[in-house]
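Okay, so here's the structure we're looking at.
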Protein chains: 6
Amino acid sequence: MLSTATRDKLKQVSTATLATALYKRGFRNQYIQNVHPIAFKGENMVGPAFTLRYMPAREDLNPVSVFQDRAHPQRKAVEECPPGAVFVVDSRKDARAASAGSILVARLMVRGAAGVVSDGGFRDTPDIAALAIPSYHQRPAAPTNLTVHQAIDINVPVGCGDAPVFPGDIVVGDGEGVIVIPAHLADEIAEEAVEMTVFEDFVTEKVLEGRTILGLYPATEEQTKVDFAAWRQEKGR
Amino acid sequence: MLSTATRDKLKQVSTATLATALYKRGFRNQYIQNVHPIAFKGENMVGPAFTLRYMPAREDLNPVSVFQDRAHPQRKAVEECPPGAVFVVDSRKDARAASAGSILVARLMVRGAAGVVSDGGFRDTPDIAALAIPSYHQRPAAPTNLTVHQAIDINVPVGCGDAPVFPGDIVVGDGEGVIVIPAHLADEIAEEAVEMTVFEDFVTEKVLEGRTILGLYPATEEQTKVDFAAWRQEKGR
Amino acid sequence: MLSTATRDKLKQVSTATLATALYKRGFRNQYIQNVHPIAFKGENMVGPAFTLRYMPAREDLNPVSVFQDRAHPQRKAVEECPPGAVFVVDSRKDARAASAGSILVARLMVRGAAGVVSDGGFRDTPDIAALAIPSYHQRPAAPTNLTVHQAIDINVPVGCGDAPVFPGDIVVGDGEGVIVIPAHLADEIAEEAVEMTVFEDFVTEKVLEGRTILGLYPATEEQTKVDFAAWRQEKGR
Amino acid sequence: MLSTATRDKLKQVSTATLATALYKRGFRNQYIQNVHPIAFKGENMVGPAFTLRYMPAREDLNPVSVFQDRAHPQRKAVEECPPGAVFVVDSRKDARAASAGSILVARLMVRGAAGVVSDGGFRDTPDIAALAIPSYHQRPAAPTNLTVHQAIDINVPVGCGDAPVFPGDIVVGDGEGVIVIPAHLADEIAEEAVEMTVFEDFVTEKVLEGRTILGLYPATEEQTKVDFAAWRQEKGR
Amino acid sequence: MLSTATRDKLKQVSTATLATALYKRGFRNQYIQNVHPIAFKGENMVGPAFTLRYMPAREDLNPVSVFQDRAHPQRKAVEECPPGAVFVVDSRKDARAASAGSILVARLMVRGAAGVVSDGGFRDTPDIAALAIPSYHQRPAAPTNLTVHQAIDINVPVGCGDAPVFPGDIVVGDGEGVIVIPAHLADEIAEEAVEMTVFEDFVTEKVLEGRTILGLYPATEEQTKVDFAAWRQEKGR
Amino acid sequence: MLSTATRDKLKQVSTATLATALYKRGFRNQYIQNVHPIAFKGENMVGPAFTLRYMPAREDLNPVSVFQDRAHPQRKAVEECPPGAVFVVDSRKDARAASAGSILVARLMVRGAAGVVSDGGFRDTPDIAALAIPSYHQRPAAPTNLTVHQAIDINVPVGCGDAPVFPGDIVVGDGEGVIVIPAHLADEIAEEAVEMTVFEDFVTEKVLEGRTILGLYPATEEQTKVDFAAWRQEKGR
């Protein structure tokens, strides 16, 4: 369960800061490699993962008529993705064909999904860019997903961009990319990342004022700690 | 021959929709992989392919002085590309050196070419971005083409981004990428894609209004067909 | 030593033109492959290279606490990079983790560095985009550099994007990418590139007026030379 | 169900011939890309697929102690793989760590498995080479699978070397590599492949005797058909 | 024209030695990257290049029935390849499907071809390994070439493994790989390579006897030249 | 310092077993990716690392005449590599040109080096295969190293096949590949690996006798421990 408090915290921190918080706990592969926002809207994507797994398509099983089946896993997954969730597609890093197009992404938006991520590519990306739902992928891919992908499993553990993704893991996307926080750590990682962000904002301000990073970042000098305490006081953070 | 009617239709549809129309006929590899517009101008690129084939450059054959030869295939191709055609360069997906620069692209524009595509990279891309000709490539490549490429054949069948391209095939580019329609299918694909687009616009509107995709997309429910007919009536499409 | 005159010349020419000037002298690999500006500010980056070499990180040597050491090569390099220099990071083309983040880049900016380049990726790229320092990389990489990279050597000869970079080589970046000029050739390459640029501007103007490239580019026709001389006279270049 | 007759047929034909028989029916992606036999023993591997799916490993879930759990999917899969089956591992084409080692492969051998295939790499390959069980992979990978892989699903549809593999599909390996026959086509493909092999053996003999391939392969000349009929008669095939 | 004398010389030298002789003349890309012998027979492959160019296959043009056309470029090329020539296939480095199989290679052998090279893969490689014709490729590829490749041009300049290959260039393969000598340089390169080989044999002998490479390789010490002269005398080379 | 006892132990264990021992201590990247023995002689390569770092070659600095300089780092490194050491070359995973050839490898052998490793390729590999020195690389590369590589640093920390290698680290190669043991852990890793090997040999024997791996591997059943103790007694290990 993602609490409102944690969601709010994760809205304000960067994937970079989260990556460091995870790194401190021994996690090195939670960043989804090689995806970027289609059109970053200025606000972080935050939500629990709801996954769709693709396997390589077999020709006889993938005529366009398959979508007439209401139980087709791709369509079913879109209709089952809970409000607030991030729809994560394991496309085996293959962007030769689309993971989905603007109609499905629009449907996810309307249903209240917090965002969509594929380690392959979406199609209709100019339309997706105009939708009010955060979308992350590798590169545009016009061909229909049936060309290369066959939806096979809904909400199972998957890989996405070489990162492990378990259903319910907390997925955060910013202007750079997407990171996956193991569900049981979301609260403490969010808390720590907010604290780190306050400090990084202080450091950035000081660096822009001309201070050296030595002793400042990390705060190995006593004076840094004193200054930071004063700065927090002043800023009310 | 690309008719004006077909050209106009292809101006209004997406590469994604065309890819699906081609997929229905068994074509899976017509999308040029891994190219994107340098600066999309909002209007589709449409035209028959006029090709240039590069092979790996051999050092003794590629001093800069080769361009003093008016018959050099790269320069000759630029001067021979017919108005309305799309200039397609087979760069063997190698973007370590340029396929061409802004001067040649400007010349193609002035000569009336409908666009340029390379599965390698162009140079002078900030200048190309300012030209009124659609240009698609993999990534900027400042080094002169002689570094890696040697122009060898004009208007022969080639590969571009793993897609087969025959001279005269109809090449369409949009905000996502580029697709190649076999010449003999251009009319019927264009016609079908326009029809598909009307339906997809209807579906998008309904999805944004909150309707489920099940039964709607594809239109497996009778009501969808009824609603779509009414919508077309109303919209005059 | 990079003279002001040469720096000024290099501010006005493109990496494409420089690549050709280098190619004429037998240099084929001076363009840093697969990097691009994070947010091009309209002005070229120019400066001598100051390098940092990364090697693959070993887990026991890279807890986050390493940055408490003021002599850590990454931090030390940032504090030692001379004003006017371009900070070039050999990240072995590995963008799975960051080469640096916005705080270090800000510090380099404040210290007067002319720019930063990595053949891996930076983190905090939305913040870096807002800084007034040219920054080039492969793609955003949120994970801390410790995940994959260990800073090991300061200002030694390195590879960056498959290009050789010696400390003191003149590094130039524009809207496309980055090129490395061997130090001893900087003056003559700059001079030649300025001259080439004048000619290319003339050619571009003529091409946009409708002239064929044959005989014009390169100037194999006598008339071209006459016209160019007149044009220079007129433009005062 | 794989009949003994079909198994026997598939023992005598090559993956190349099977690929062509599949191609005739519209299947283009059934060959597992980029795997080879560790030590081909001269006899084809034939059996229904029993699959294991790996996802990227998460550090906290993969200490070496996980194998103390008898229900760990990797160990469970090995103990459940039916005699006669081919154990197919979806390693996401990642050979940085092992898919399995010699002890598990030995156990599969003893349990009667028909072979093992991974699109990643095995470890202890010198020992595996000495075992009497066909084994196919990409390249040796000494690191324990926990480094990169986490076993997550047993006997579900997977991808292996970009080929779709459904449990029960018939997997055939020869001296070149491995191909996957959709279960429902195994009998007819086997039958056709045997017939094709007879013809190819005839053609090979004629080619080695000096006959041109034109008219012979394929048999577009009447004489070829006559000769082939006689040859079959003579050879009793 | 490849003289018998030059052919004989090229039989005795390595691709490594030839690469150095070419490098001295400014050629850096004549080695065909990433191919190896299927089963090296101990004798070099030497002959002029006869090329076949593949483009990406388009589905409607590549049913298996295409081979019923005697003019199909793949079959035509095999029947036209002159005795003594090396059959070089430009497969765009794509080994997902076969460049050719054992029957065509056998036919080339019977017709007297000096060898076959593809930068993709051959099928039926266990059979090819048994044929008395040198064969070089990237990796085995069981699928029929129609899956991915369409033969389009015979004996035109091509790329093979990133090397430029012009018809008539002299192609040499040894136990390591394949190199392409520009036709007009074959005689002098062969001559020089033989001389270099004599010296390298001398050096190897001395190194195995314990001498340092400094002063010996290259022969910067006068004594080395004296010793080498004596050694040649003694060996009669 | 590598003791004789540790060297002897490391001679008897596999890189796979060492990888697991390292994994238990948190090391995930010590296996050199994508190298293999040129011709495994049946005995492990063991020795401390002595490194050579290559950077990308710049044309003006790499005529063949550079080797006339006795201080050229490549030649100097070969003459300075201590007896018993493993010569590790950081070739940036680039096998387009040779890291070294048979003469240098022969010299290293004569000087008593324990082996050579490159994450690029060696040339003259048929000759190297015949030498009595373990040699590991990615693939044969005939072109002279000057084509792509410039030797720049001797015995500094480097990357090799994505693994960190510090001078003095203990490098072990077997029939599969090469692993790097941090120097300070060599004794304890060797000791543990020998113990693990004894247990794995026991397990293998039991598995071949038909025992299930559950409870046996790892030894979670009490009976396994009893049996193993008895087996050790019996075997005297």
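What is the distance in Å between the Cα centres of region E:27-60 and region A:207-226? Cα centroid to Cα centroid, the span is 60 Å. By the rule of a C-alpha distance below 16 Å, with chain neighbours fewer than 8 residues away ignored, the lysines paired with residue A:225 are A:206, A:235. Can you give me the relative contact order of region C:72-120 as a percent, contacts being Cα pairs under 8 Å and 6 or more apart? With pairs under 8 Å counted, the relative contact order is 53 percent. Coupling constants for region E:184-194 follow from the phi torsions by the Karplus curve (6.51 cos²θ - 1.76 cosθ + 1.60, θ = phi - 60°), and in residue order they are 6, 9, 4, 5, 6, 5, 4, 4, 5, 5, 5 Hz; glycine and proline get x. Residue exposure proxy: F:149, E:36, ordered by other Cβ atoms within 10 angstrom of their Cβ from fewest to most, comes out as E:36, F:149. Each residue of region C:97-103 was assigned a 3J(HN,Hα) from its phi angle through the Karplus expression (A = 6.51, B = -1.76, C = 1.60, θ = phi - 60°), giving 9, 6, 7, 5, x, 5, 5 Hz with x at Gly and Pro. For residue A:93, the aspartates and glutamates whose Cα comes closer than 16 Å to its Cα, not counting residues fewer than 8 places off in the same chain, are A:119, A:162, D:90, D:94, D:119, D:162.
Label-point spacing at residue D:70 relative to the other copies reads 4.5, 6.1, 7.1, 7.2, 8.8 nm, in ascending order, each point sitting 7 Å out from Cα along Cα→Cβ. For region B:1-101, what D do you get in µm² per second when you plug the Kirkwood radius from alpha-carbon pairs into Stokes-Einstein at 10 °C and 1.306 mPa s? Estimated diffusion coefficient is 97 µm²/s. From the mean inverse distance of alpha carbon pairs (Kirkwood) and the Cα radius of gyration, derive Rg over Rh for the protein assembly as shown. Reported Rg/Rh (Cα atoms, Kirkwood Rh): 0.95.
For the rotational copy relationship between C and B, the axis lies nearest to a chain C beta carbon, identified with its distance in whole angstrom as C:139, 6. Remark on residue F:119: its backbone amide H falls under 5 Å from those of F:89, F:91, F:93, F:161, a criterion applied only to residues 5 or more positions apart or on other chains, H modelled at 1.01 Å from N.
Counting every alpha-carbon pair across region C:31-181, the share separated by more than 26 Å comes to 12%. Projecting 7 Å from Cα along the Cα-to-Cβ direction, the label point of residue F:222 sits 6.0, 7.3, 8.6, 8.6, 10.8 nm from its equivalents in the other copies, listed shortest first.
Close amide H partners of residue C:98, meaning residues 5 or more places away or on another chain with modelled amide H under 5 Å apart, are C:144, C:145. Taking 18 Å as the straight-line reach from the Cα of residue E:41, the aspartates and glutamates in range (excluding those fewer than 8 positions away in the same chain) are E:8, E:124, E:127, E:174, E:176, F:124, F:127. The calculated FRET efficiency for residue B:208 paired with residue C:129, based on their beta-carbon distance and R0 = 22 Å, is about 0.10.
Binning the alpha carbon pair distances of region B:147-237 at 10 angstrom intervals from zero yields the distribution 13, 31, 23, 18, 9, 5, 0, expressed in whole percent.
When shorter helices are ignored and each DSSP H run of at least 4 residues is given -39500 (n - 2.57), the per-residue value for chain C at 222 nm works out to -10000 deg cm²/dmol. The local environment of residue F:121, defined by Cβ-Cβ distances under 13 Å, has a net charge of +1 under the rule Lys, Arg +1 and Asp, Glu -1. In this rough spin-label picture, where each label sits 7 Å from Cα along the Cβ direction, the residue A:225-residue D:11 distance is 7.6 nm.
Here the ratio of the Cα radius of gyration of region F:57-131 to 2.2 N^0.38 Å is 1.10. The phi torsions of region D:104-114, fed into the Karplus equation with coefficients 6.51, -1.76 and 1.60 and a -60° offset, translate into couplings of 5, 5, 4, 4, 4, 4, 4, 6, x, 4, 7 Hz, rounded to whole numbers, with Gly and Pro shown as x. Distances between placed amide hydrogens fall under 5 Å for residue F:114 paired with F:84, F:85, F:86, F:87, all partners being 5 or more residues away or on another chain.
In nanometres and ascending order, the distances from the residue D:236 label point to those of the other copies are 5.7, 5.7, 8.3, 10.0, 10.2 (point 7 Å from Cα along Cα→Cβ).
Hull volume per residue, based on the alpha-carbon atoms of region B:17-75 and their convex hull, is 174 Å³.
Translational diffusion of region F:189-235, estimated by Stokes-Einstein from the Kirkwood radius over alpha carbon pairs at 4 °C in a medium of 1.567 mPa s, is 119 µm² per second. Taking every alpha-carbon pair under 8 Å whose residues sit at least 6 apart, chain A reaches a relative contact order of 28 percent.
No lab work stands behind these numbers, since they all come straight from the coordinates. What you are looking at is a predicted structure, and each value in this text was computed from that prediction instead of being measured. Cβ coordinates were reconstructed from backbone atoms using ideal geometry, including for glycine residues, and neighbour counts include every protein chain displayed.
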